[in-house]
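Notes follow once the structure below has been shown.
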Amino acid sequence: GGYQADDRPGMAAGGMNGRNVGFGGGMPEPPLPPDASNTLFIEGIPPDCERREVSHIFRPFVGFQEVRLVNKEPRHPGGDPIVLCFVDFTNAAQAAIAMEALQGYKFDEHDRSSPQLRLQFARFKGPRGQAGGPGGGGGGGGGIRR
């Protein structure tokens, strides 16, 4: 029994009376890497997990928008299905705060074999690419003049 010094569920407890975990309280904004995006890719989600369960973990964080789960076939016959999880925030700084707070979070603290969550910024390939690095994003406007 007991908690280890690194148990993550209580990390954000200081501001969980509503949806105000994040900026404020004198906490400095974390420096963002060049690949930062407003979407996190989460590994370690149990295959039987529901979207609602994942949403409960991220909902207390400022800027939380939605959770998307994508189920893929197992890599090997008879293996567990693969769950891809993406969590969207309003901006990259808010995503970074959630990522830092939940890195290593154990989905089921009573199950020793429960995987720890591994969070990273999502990297989009193709037309969706909103992971705007230097000079990314922008544009818009224009259109066709007649």
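Every number in this text was worked out from the coordinates using simple rules, so none of it is lab data. Model, not experiment: these values are computed from the prediction. All Cβ positions, glycine included, derive from the backbone under ideal geometry; neighbour counts span all protein chains shown.
About its Cα centre, what dipole magnitude does segment 39-121 give when the only charges are +1 on Lys and Arg Cβ and -1 on Asp and Glu Cβ, stated in debye to the nearest 20? Walk me through the numbers before you get to the answer.
On the way: 9 positive and 12 negative charges, 28 e Å.
My answer is approximately 140 debye.
What does the convex hull of the Cα atoms come to per residue for segment 36-118, in Å³? List each step's numbers first, then the result.
On the way: hull volume 7.8 nm³, N = 83.
Hull volume over Cα atoms, normalised by residue count, gives 94 Å³.
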Net charge of Cβ neighbours under 13 Å - reference L69; Lys, Arg +1; Asp, Glu -1 = -2
